[in-house]
1. Pick out the one residue from 382, 390 that is among the charged types (D, E, K, R), in a loop (DSSP other than H, G, I, E, B) and touching a strand residue (DSSP E or B) at 6+ places or on another chain (Cβ under 9 Å).
2. In the stretch 440-482, what residues are within 19 Å of residue 18 (Cα to Cα), in contact (Cβ under 8 Å) with a residue 12 or more places away in the chain and open to solvent by 80 Å² or more (accessible area, probe 1.4 Å)?
3. Inside the stretch 456-471, can you point out the residues that are within 22 Å of residue 344 (Cα to Cα) and among the hydrophobic types (A, V, I, L, M, F, W, C)?
4. Please state which of the following conditions residue 164 fails to meet, knowing it meets all the rest: (1) open to solvent by 40 Å² or more (accessible area, probe 1.4 Å); (2) modelled with pLDDT of 95 or more; (3) touching a Phe, Trp or Tyr at 6+ places or on another chain (Cβ under 8 Å).
5. Quick one: residue 41 ticks every box in (1) on the phi > 0 side of the Ramachandran plot; (2) surrounded by 20 or more Cβ atoms within 10 Å (Cβ to Cβ) except a single one, so which number is it?
6. Condition check: within 30 Å of residue 479 (Cβ to Cβ) and at pLDDT 95 or above. Does residue 337 satisfy that?
7. Could we say that residue 350 is under 25 Å from residue 20 (Cβ atoms) and in contact with a His (Cβ under 8 Å, 6 or more places away or on another chain) here?
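The values are calculated or read from the model by the stated rules, or taken from the named source; none is laboratory data. The model shown is predicted, which means the values in this text are computed figures rather than measured ones. Glycine also receives a Cβ, built like all others from the backbone with ideal geometry; neighbour counts cover every protein chain displayed. SASA here: full protein model, heavy atoms, side chains in, ligands and nucleic acids out. Shrake-Rupley method; radii C 1.70, N 1.55, O 1.52, S 1.80 Å.
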Amino acid sequence: QVPVVAVMTTGGGTRALTSLLGNLLGLQKLGLLDAISYITGSSGSTWTLSHLYQSADWSHKDLSIPIGEVRRHMTKCKLSCFSLESLKYLFRCNLASPYTMPRRFLGFGLSLFLVNSQKNNHRLSDERQALNQGQNPLPIYMILNIKEDYSLSEFKEWVEFTPYEVGFLKYGAFIRAEDFGSKFFMGRLMKKLPESRICFMKGDVLHSENLNCIEIFFICSIIQTLHIAAKGDEPSTSARNHELETYLVTLECGIMGIIRQILTERVMVSKFYNFLKGFQVHNEYLQSKSFCIWKDTVLENFPNQLTETAEFMCLADTAGYIDISYPPLMRPERKVDVVLHLNYSSGSQALPLEEASKYFLKQGIPFPKIHLSEEEKKNLKECYVFDDAEIPEAPTVVFFPLVNDTFRKYKEPGVERSPAEMAQGNVDVSSIFSPYCLNSFTYTEEEFDKLVGLTSYNIQNNKHLILQALNSAIVQKRQHKK
């Protein structure tokens with residue numbers, strides 16, 4: 001009779017990273033973290049999860065400690081991350097696949113940016129230590145498998161990553177997390193490659209709207225570092241007064257080769273060996289319920305063009321299609337009753353939820369019908385509860401858009417701000433001048449604290465709606481049992 005509760009998060013760069021910390025802090029203060037079975041993430045929200053799950057019992061500890069760690073790195077100058085020593089360390093690491101080098105490089109930079117994990121050897125499978133006693137929710141990371149020569153309307157496949165396994169929802173095919181990236185053929189492990197460090201894999205879940213800014217910043221930082229290094233080795237200027245200050249850099253090798261790749265290619269896709277290579281999809285399987293549920297593109301009508309024929313998986317951010325991480329929760333085996341939808345994406349806050357509803361209903365997957373008027377979208381409340389009596393199998397969705405409503409007046413639920421505290425309630429999360437835009441990678445201490453405070457407050461201030469959804473789920477379970 002206990003409802004299965006999940007947290008579903010979206011992307012949104014450092015805004016998602018910071019906001020999710022605040023939301024989880026709010027859930028912890030309400031004593032609800034222990035009621036959650038799954039946390040799904042994509043893009044920026046996965047940065048938060050991969051940081052938290054390095055601690056074996058993070059949800060039972062005071063979250064203000066990891067929040068303080070992220071705060072320290074989010075508010076410091078990022079140029080110091082790209083010292084010559086840091087860049088040398090990158091190239092000493094075991095970089096398994098040349099096809100993913102630029103994205104792994106960006107992922108490494110992200111780790112330096114956000115949690116300063118330069119020498120952190122943490123891998124996805126290591127997160128099992130945080131799950132082996134059932135002490136934390138199961139983290140599920142979401143990404144898309146695409147074909148570079150096809151649009152997303154023509155081909156896309158949902159791929160989920162957990163500390164235990166990686167696989168395709170459509171095919172029901174999974175491998176152990178530590179084997180991801182290794183070479184398979186017809187289901188057999190042909191060549192075992194080392195499991196990637198999670199800091200490199202972060203390059204695969206970059207939000208597409210962040211990528212240009214990250215590339216430019218990284219390249220400028222690297223060139224500045226190389227320039228300083230070159231100056232340190234050159235002869236004194238007194239002996240060369242007649243010469244121009246020039247440097248010869250060969251672009252075909254080493255770090256400058258990667259820079260050339262980033263400048264000349266659109267590094268939106270990461271390639272890994274396809275563990276489905278060599279499989280033959282049987283015609284009867286193509287008509288099976290599990291396959292048909294996720295059959296949503298034109299290529300499903302041409303089995304010889306599906307994933308089992310490809311040498312590599314091409315992984316891209318889910319934001320290119322719908323900025324959600326719902327699909328793993330819609331697997332019937334997980335039996336999710338209540339989803340806390342935490343939204344951090346840019347643009348219309350309600351759009352990802354509406355698009356998810358349309359998508360799932362079209363696929364025949366039970367999900368509430370979502371509709372908000374244009375007026376409601378312009379003046380969103382802190383929380384909404386969506387359920388559908390006509391679809392009893394659908395989960396109840398508790399939707400939290402990223403808005404600043406009553407927080408302007410209240411510092412805690414029911415506790416009004418004094419005149420001197422009103423400035424702390426002024427948190428701009430929606431205008432074009434917001435400090436939390438997707439291109440921001442550094443916040444001031446005040447900006448960081450305000451965003452964490454807002455997102456924690458929004459959860460706590462809507463405790464009654466969360467409990468209402470949980471109680472409704474309990475009643476539905478009892479009725480179904482009868």
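1. Values: 390 fails: touching a strand residue (DSSP E or B) at 6+ places or on another chain (Cβ under 9 Å).
Going through 382, 390 in turn, just one is among the charged types (D, E, K, R), in a loop (DSSP other than H, G, I, E, B) and touching a strand residue (DSSP E or B) at 6+ places or on another chain (Cβ under 9 Å): 382.
2. Within the stretch 440-482, just 445 meets the criteria.
3. Within the stretch 456-471, 459, 465, 466, 469 qualify.
4. (3)
5. It is condition (1) that residue 41 fails.
6. Values: within 30 Å of residue 479 (Cβ to Cβ): yes; at pLDDT 95 or above: yes.
When the stated conditions are applied, residue 337 passes them.
7. Values: under 25 Å from residue 20 (Cβ atoms): yes; in contact with a His (Cβ under 8 Å, 6 or more places away or on another chain): no.
No, not satisfied.
Residue-wise test of (1) closer than 19 Å to residue 326 by Cβ; (2) at pLDDT below 95; (3) surrounded by fewer than 16 Cβ atoms within 10 Å (Cβ to Cβ).
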site: 371; (1), (2), (3): yes, yes, yes
site: 377; (1), (2), (3): no, yes, yes
site: 384; (1), (2), (3): yes, no, no
site: 391; (1), (2), (3): yes, yes, yes
site: 398; (1), (2), (3): yes, no, no
site: 402; (1), (2), (3): yes, no, no
site: 416; (1), (2), (3): no, no, yes
site: 431; (1), (2), (3): no, yes, yes
